Amino acid sequence: FDPAELKALAASIDATEQAQPVQVHPLDEPDEQGRLFELIDGERRFRGVKLLQDERPQDGPRSVACILKDEPDPVMRYELAVAANHGRAEHTVLETADIVRKLTEHG
């Protein structure tokens with residue numbers, strides 16, 4: 001993610017709040033990094049809020065508006081993430097090829 005664009009997004013979130021919630025899937029157990037949710041859609045927004053938190057910890061914790069997508073099938077979660085994110089950012093040819101490979105492997 002472009003640092004200048006993230007900084008601009010963080011400033012926008014700070015000024016007007018988070019307009020669009022991120023989508024998450026609850027994990028049965030914390031992953032290796034201690035996370036309890038898998039982020040499906042909204043990584044830029046999540047990083048924007050985190051950037052605000054990191055820049056001004058004295059303001060206290062910031063919450064991230066979320067939509068809970070309880071999709072048990074990991075392939076379907078991947079497809080949801082691709083559908084939500086692929087058209088929004090420039091992807092390299094290798095990233096696109098990897099997406100196509102993963103989607104065709106799982107039919």
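Bear in mind these aren't lab numbers, they're just calculated from the coordinates by the rules spelled out. The model shown is predicted, which means the values in this text are computed figures rather than measured ones. Counting neighbours? That spans all protein chains shown, and the Cβs are built from the backbone with ideal geometry, glycine included.
Annotations for the structure displayed:
- The condition (being in contact with an Asp or Glu (Cβ under 8 Å, 6 or more places away or on another chain) and hydrophobic (A, V, I, L, M, F, W, C)) is satisfied by just one residue among 10, 15: 10.
- Restricting attention to the range 6-25, the residues that are surrounded by fewer than 17 Cβ atoms within 10 Å (Cβ to Cβ) and touching a strand residue (DSSP E or B) at 6+ places or on another chain (Cβ under 6 Å) total 1.
- Scope the range 63-81; condition surrounded by 15 or more Cβ atoms within 10 Å (Cβ to Cβ) and more than 14 Å from residue 19 (Cα to Cα); matching residues: 69, 71, 77, 78, 79, 80, 81
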